[in-house]
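Beneath this line is the structure, given in structure tokens, with notes to follow.
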């Protein structure tokens, strides 16, 4: 895994799950950086079908714009089985989705984004990349504490101190809702990009890809599907 010659301030590493948010983040990075690599995680997630969607999305985005095709670099996938093994959640177990006594949804995987960003920084260190892009959002999130802006900023400080680097953690979706995320995608790649995200991304917590909705594939009932559907309806209704 050699360091790419185009690196530093001209390169970015995108946490790319294969979902709507991470696909939009990838487009955002391709629009800004000369070289963009992607990173996915296999942690035993119930909806791990998202990992199989990543290749199609990458290929589709490379075909949308010649410059994006030139900029899209290597893809990486890391196995984090230990995270799934210690997580008794509805994202890593066959359990009904609901809420814990703490008020947090039982889809919250403790430490997930902290671990993801730490491994991303370790990979970026090895690849000589300064910029790390992730899809955390505090606007219409489910209350996950590791999606908060304060958490990401604190972790950036810790990573920079612990690795003696000046990483920049970018969260372009932090202050926008799902409808605005669709609009951002449209502004970056037009209808062709939003159509690609609808057809090829995956966000459903249950991993369902049988039914095709206006907003994409999913069970239509889990919190992720409802949030995506509501956002798409609002987006589609706005000229």
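The values are calculated or read from the model by the stated rules, or taken from the named source; none is laboratory data. Since the structure is predicted, the reported quantities are computational estimates derived from the model, not experimental observations. When we count neighbours, we look across all protein chains shown, and the Cβ atoms used for this are built from the backbone with ideal geometry, even at glycine.
What tally of residues in segment 140-157 results from selecting those that are surrounded by fewer than 18 Cβ atoms within 10 Å (Cβ to Cβ) and in contact with a helix residue (DSSP H, G or I) (Cβ under 8 Å, 6 or more places away or on another chain)? Summing the residues that are surrounded by fewer than 18 Cβ atoms within 10 Å (Cβ to Cβ) and in contact with a helix residue (DSSP H, G or I) (Cβ under 8 Å, 6 or more places away or on another chain) in segment 140-157 gives 5. Looking only at residues in segment 31-53 that are out of contact with any strand residue (DSSP E or B) (no Cβ under 6 Å at 6 or more places or on another chain), at pLDDT below 95 and not in a helix (DSSP H, G or I), the one that is nearest to residue 178 (Cα to Cα) is 47.
Return only the number of the condition from (1) exposed (fewer than 15 other Cβ atoms within 10 Å of the Cβ); (2) without any contact (Cβ under 8 Å) to a residue 12 or more places away in the chain; (3) over 24 Å from residue 68 (Cβ atoms) that residue 160 does not satisfy. Evaluating residue 160 over (1) exposed (fewer than 15 other Cβ atoms within 10 Å of the Cβ); (2) without any contact (Cβ under 8 Å) to a residue 12 or more places away in the chain; (3) over 24 Å from residue 68 (Cβ atoms) leaves (1) as the failure. Would segment 12-30 turn up any residue that is surrounded by fewer than 22 Cβ atoms within 10 Å (Cβ to Cβ) and either assigned to a strand (DSSP E or B) or without any contact (Cβ under 8 Å) to a residue 40 or more places away in the chain (or both)? Within segment 12-30 (the criterion being surrounded by fewer than 22 Cβ atoms within 10 Å (Cβ to Cβ) and either assigned to a strand (DSSP E or B) or without any contact (Cβ under 8 Å) to a residue 40 or more places away in the chain (or both)), the answer is no, since none of the residues qualifies.
Can you give me the ranges of the helices (runs of 4 or more DSSP H) entirely in segment 128-239 with at least 3 residues that are farther than 15 Å from residue 117 by Cβ and at pLDDT 95 or above?
Counting at least 3 such residues, we get 178-200, 223-237.
Taken over segment 199-230, the criterion of being free of Cβ contacts under 8 Å to residues at least 40 places away in the same chain, under 17 Å from the mean Cα position of the chain (by Cα) and surrounded by fewer than 19 Cβ atoms within 10 Å (Cβ to Cβ) is satisfied by 199 alone.
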